[in-house]
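A.B. asks: Right, I'll just put the structure down here and ask away after.
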Amino acid sequence: MKVLIKNATIIDSESPYHGTTQDIRIKDGLIIEIGQKLASLKGETTIEKEDLHISQGWFDTSVSMGQPGYEERETIDNGLNVAARSGFTGVALNPNTYPIIDTSSDITFVKKMAEGHATSLYPIGALTRNSESIDLAELYDMQQSGAVAFGDYQTPIKNPNLLKIALQYTQGFNGLVLSFPQEQQIAGKGMVNEGVMSTRVGLKGIPAIAESLQIARDLHILEYAGGKLHIPTVSTKEGVALIRAAKSKKLNVTCSVAIHNLCLTDDLIEDFDTRYKVLPPLRNKEHVEALVAAVKDGTIDTVTSDHNPLDVERKNVEFDNAMYGAIAQEATFKALLTIVSEKRAITLLTAGRNLFIGQNNPVKEQVKADLTLFSTKGSQTFTKQDILSSSQNAIFLNQKVKGEVYGIIANNQVVLN
């Protein structure tokens, strides 16, 4: 592969070229030259786009694909193509498949299925066997096979001692433990945020305290046991405050927020549209404002799409019977750009790579080309034509978004929209 990228504004705080407009020459997957007015060489493909920006490749810390077991929702092959065209050069795959990804052979299988793609797949192994929160899964064996973290997707760890043991055990191999922030006995049979809107529409609510209680418990255990804890998809003002306080105490905790929890409110459930049935639920304006403040001040480390394709049989039903989940990867960057600056957006979209795999690929010479190409200009409405996934449960349908994703260069491949 020989590529020359012309007139690209580099957004990468780790690059000596940060904030400048440069040409970038890539050969065999390696950045070999960065400068201005570079001449095109024989055999090179030239990429030149309007308002072209380049950053380190984005990393999505929570992606579901279905395969194995739920291929009707999404396959790994198409899922990685969706990720590439959405600007992500790496994704962390949730273990919510059938069977649950809880053994080293399961990790090996999904990694094998992902070979040859521009976007790299990094499996998250289930923390407990079959994600039942009873016994720990084969954590070390899965780590040896390529698991980058351990967590039960959208399933709280009921037994606090299990979390304590997991945090202690994973210290032996620097493992990352994920704990979904919901106290299930408080959440009960709730489906939406508990508040004015849940009362108005007559749906059972999940109170904010269900999240903050679980986070408080987990942080106390982390302080006692040590280890590395990641709290995925926080959604409440109180939860953010607890994490901020924990970070000030130098606890080894990180967290993410789902893009829809950051941009949308529970007003959208008024029409019982099941696209908006997600977990954690869409919250009210007060919580959303707290989340926005937290991504701006660095309390929240990374933004995820929490991309979860679901077929119509699981979504086109009564609200009570619909499954939790939405697809958002195609809109993640564009929605995030409506809230924060492009520099902050890129920081939030690239931070997950270092958190999950301890690796960065700054935009400079003699570094592997792992790049996302995008524009920060323009605004549009997200439509059905923008959906790339096999499933259609797009939560940002008909929402206003900004910017454009041009594609990625990664794994010695070019994927352009």
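A.B. asks: Would you mind telling me which numbered condition in (1) farther than 19 Å from Lys334 by Cα; (2) crowded, with 18+ Cβ neighbours inside 10 Å Leu30 fails?
C.D. replies: It is condition (2) that Leu30 fails.
A.B. asks: While we're here: Which one of the conditions (1) free of Cβ contacts under 8 Å to residues at least 60 places away in the same chain; (2) open to solvent by less than 30 Å² (accessible area, probe 1.4 Å) does Glu194 fail to meet, given that it meets all the rest?
C.D. replies: Result: Glu194 passes all but (2).
A.B. asks: Of all the residues that make up the range 368-417, how many are outside any loop (DSSP other than H, G, I, E, B) and not small (Gly, Ala, Ser)? Steps first, please.
C.D. replies: Step one: filter the range 368-417 for residues outside any loop (DSSP other than H, G, I, E, B), giving 368, 371-381, 384-386, 394, 400-410, 413-416.
Narrowing further to those that are not small (Gly, Ala, Ser): 368, 371-374, 376-377, 380-381, 384-386, 400-402, 404-406, 408-409, 413-416.
Total meeting the criteria: 24.
A.B. asks: Among the residues of the range 1-12, which ones are modelled with pLDDT of 95 or more and either closer than 16 Å to Pro362 by Cβ or part of a loop (DSSP other than H, G, I, E, B) (or both)? First the steps, then the outcome.
C.D. replies: We begin by selecting, within the range 1-12, every residue modelled with pLDDT of 95 or more; these are 2-12.
Ile5, Ala8, Thr9, Ile10, Ile11, Asp12, listed by residue number.
A.B. asks: Looking only at residues that are open to solvent by less than 30 Å² (accessible area, probe 1.4 Å) and modelled with pLDDT of 95 or more in the range 66-79, which one is nearest to the chain's Cα centre (by Cα)?
C.D. replies: The extreme case among them is Gly79.
A.B. asks: Next up: Among the listed residues Thr376, Thr383, which satisfies the condition of being more than 16 Å from the chain's Cα centre (by Cα), modelled with pLDDT of 95 or more, surrounded by fewer than 24 Cβ atoms within 10 Å (Cβ to Cβ) and closer than 27 Å to Met1 by Cβ? Give the derivation first.
C.D. replies: Values: Thr383 fails: closer than 27 Å to Met1 by Cβ.
Residue meeting the stated conditions: Thr376.
A.B. asks: Ok, one more. Quick one: what pairs do we get from the range 70-95, first residue closer than 14 Å to Asn411 by Cα, second open to solvent by 10 Å² or more (accessible area, probe 1.4 Å) and among the β-branched types (Val, Ile, Thr), C-beta under 9 Å, 6+ apart or different chains?
C.D. replies: Note: pairs meeting the criteria are Asn81/Val415; Ala84/Val415; Gly90/Ile357.
A.B. asks: Considering each of Val91, Val82, Val63 in turn, give the residue that is out of contact with any strand residue (DSSP E or B) (no Cβ under 7 Å at 6 or more places or on another chain) and surrounded by 21 or more Cβ atoms within 10 Å (Cβ to Cβ). Let's see the steps before the verdict.
C.D. replies: Numbers: Val91 fails: out of contact with any strand residue (DSSP E or B) (no Cβ under 7 Å at 6 or more places or on another chain); Val63 fails: out of contact with any strand residue (DSSP E or B) (no Cβ under 7 Å at 6 or more places or on another chain).
None of the others qualify; the one that does is Val82.
A.B. asks: Out of the residues in the range 134-161 that are within 12 Å of Leu93 (Cα to Cα) and not aromatic (Phe, Trp, Tyr), which is surrounded by the most Cβ atoms within 10 Å (Cβ to Cβ)?
C.D. replies: As a first pass, look at the range 134-161 and keep what is within 12 Å of Leu93 (Cα to Cα): 146-153.
Adding the requirement that they be not aromatic (Phe, Trp, Tyr) leaves 146-149, 151-152.
Working: Gly146: 15, Ala147: 30, Val148: 23, Ala149: 25, Gly151: 26, Asp152: 27.
Looking at the filtered set, the residue picked out is Ala147.
A.B. asks: Somewhere in the range 353-370, is a residue without any contact (Cβ under 8 Å) to a residue 24 or more places away in the chain and over 15 Å from the mean Cα position of the chain (by Cα)? Outline the logic, then answer.
C.D. replies: First pass over the range 353-370, keeping only residues without any contact (Cβ under 8 Å) to a residue 24 or more places away in the chain: 354, 358-359.
From the residues that got through so far, the ones that are over 15 Å from the mean Cα position of the chain (by Cα) too are 358-359.
Looking through the range 353-370, at least one residue is without any contact (Cβ under 8 Å) to a residue 24 or more places away in the chain and over 15 Å from the mean Cα position of the chain (by Cα).
A.B. asks: Now a separate question. Filter the range 115-130 down to residues that are of a type in the set (Gly, Ala, Ser) and crowded, with 21+ Cβ neighbours inside 10 Å and give me whichever is nearest to Arg85 (Cα to Cα). Working first, answer last.
C.D. replies: To start, the set of residues in the range 115-130 that are of a type in the set (Gly, Ala, Ser) comprises 116, 118, 120, 125-126.
When the remaining residues are screened for being crowded, with 21+ Cβ neighbours inside 10 Å, the result is 118, 120, 125-126.
On the way: Ala118: 10, Ser120: 13, Gly125: 25, Ala126: 28 Å.
Out of the qualifying residues, it is Ala118.
Conditions (1) part of a strand (DSSP E or B); (2) on the phi > 0 side of the Ramachandran plot; (3) not aromatic (Phe, Trp, Tyr), marked per residue:
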{"site": "Phe109", "(1), (2), (3)": "no, no, no"}
{"site": "Lys112", "(1), (2), (3)": "no, no, yes"}
{"site": "Ile124", "(1), (2), (3)": "yes, no, yes"}
{"site": "Asn130", "(1), (2), (3)": "no, yes, yes"}
{"site": "Ile134", "(1), (2), (3)": "no, no, yes"}
{"site": "Gln143", "(1), (2), (3)": "no, no, yes"}
{"site": "Leu162", "(1), (2), (3)": "no, no, yes"}
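A.B. asks: Mind listing just one residue for me: the one in the range 288-306 that is assigned to a helix (DSSP H, G or I) and of a type in the set (Val, Ile, Thr) and, of those, surrounded by the fewest Cβ atoms within 10 Å (Cβ to Cβ)?
C.D. replies: Going residue by residue through the range 288-306, those that are assigned to a helix (DSSP H, G or I) are 288-297.
Okay, now just the ones that are also of a type in the set (Val, Ile, Thr), so 288, 292, 295.
Details: Val288: 21, Val292: 16, Val295: 23.
Looking at the filtered set, the residue picked out is Val292.
A.B. asks: One residue is enough: does the range 353-362 have a residue meeting the conditions surrounded by fewer than 20 Cβ atoms within 10 Å (Cβ to Cβ) and among the charged types (D, E, K, R)?
C.D. replies: Residues of the range 353-362 surrounded by fewer than 20 Cβ atoms within 10 Å (Cβ to Cβ): 354, 357-360, 362.
Imposing the further condition that a residue be among the charged types (D, E, K, R) reduces the set to none.
Checked the range 353-362: no residue is surrounded by fewer than 20 Cβ atoms within 10 Å (Cβ to Cβ) and among the charged types (D, E, K, R).
A.B. asks: I'd like the full set of residues that are among the β-branched types (Val, Ile, Thr) and closer than 30 Å to Glu313 by Cα, limited to the range 371-417.
C.D. replies: Filtering the range 371-417 down to residues among the β-branched types (Val, Ile, Thr) leaves 372, 376, 381, 383, 387, 395, 401, 405, 408-409, 414-415.
Once the filter is applied, which keeps residues that are among the β-branched types (Val, Ile, Thr) and closer than 30 Å to Glu313 by Cα, the range 371-417 yields Thr381, Thr383, Ile387, Ile395, Val401.
A.B. asks: Could you list all residues from the range 307-330 that are more than 19 Å from Pro95 (Cα to Cα), among the charged types (D, E, K, R) and assigned to a loop (DSSP other than H, G, I, E, B)?
C.D. replies: Pass one, the range 307-330, residues more than 19 Å from Pro95 (Cα to Cα): 312-313, 315-322, 330.
Next, only the ones that are among the charged types (D, E, K, R) stay: 313, 315, 318, 320, 330.
Selection gives Glu318 alone.
A.B. asks: When you scan the range 37-57, do you find a residue that is in a loop (DSSP other than H, G, I, E, B), open to solvent by 10 Å² or more (accessible area, probe 1.4 Å) and free of Cβ contacts under 8 Å to residues at least 12 places away in the same chain, even just one? Steps first, answer last, please.
C.D. replies: Looking only at the range 37-57, we keep the residues that are in a loop (DSSP other than H, G, I, E, B), and these are 37-44, 48-52, 57.
If we keep only those that are open to solvent by 10 Å² or more (accessible area, probe 1.4 Å) too, we end up with 37-44, 48-51.
From what's left, free of Cβ contacts under 8 Å to residues at least 12 places away in the same chain: 39, 42.
Scanning the range 37-57 turns up at least one residue that is in a loop (DSSP other than H, G, I, E, B), open to solvent by 10 Å² or more (accessible area, probe 1.4 Å) and free of Cβ contacts under 8 Å to residues at least 12 places away in the same chain.
A.B. asks: A further question on this structure: Please enumerate the residues belonging to the range 83-107 that are assigned to a loop (DSSP other than H, G, I, E, B) and β-branched (Val, Ile, Thr).
C.D. replies: First, the residues of the range 83-107 that are assigned to a loop (DSSP other than H, G, I, E, B): 86-87, 94-103.
Thr97, Ile100, Ile101, Thr103, listed by residue number.
A.B. asks: In addition: Is there any pair with a first residue in the range 382-401 that is farther than 12 Å from Glu330 by Cα and free of Cβ contacts under 8 Å to residues at least 60 places away in the same chain and a second that is surrounded by fewer than 22 Cβ atoms within 10 Å (Cβ to Cβ) and of a type outside the set (D, E, K, R) whose Cβ atoms are under 9 Å apart and which are 6 or more apart or on different chains, and what are they?
C.D. replies: Asn398/Thr381; Asn398/Phe382; Asn398/Thr383
A.B. asks: Something else about it: With the requirement that a residue be over 16 Å from Phe180 (Cβ atoms), without any contact (Cβ under 8 Å) to a residue 60 or more places away in the chain and open to solvent by less than 10 Å² (accessible area, probe 1.4 Å), what does the range 218-263 give you?
C.D. replies: The answer is Ala246, and nothing else.
The values are calculated or read from the model by the stated rules, or taken from the named source; none is laboratory data. It should be emphasised that the depicted structure is a prediction, and the values quoted were computed from it without experimental measurement. Note that we place each Cβ from the backbone using ideal geometry, even for glycine, and neighbour counts take in every protein chain shown. Surface areas here come from the heavy atoms of the whole protein model, side chains and all, with no ligands, DNA or RNA. Shrake-Rupley method; radii C 1.70, N 1.55, O 1.52, S 1.80 Å.
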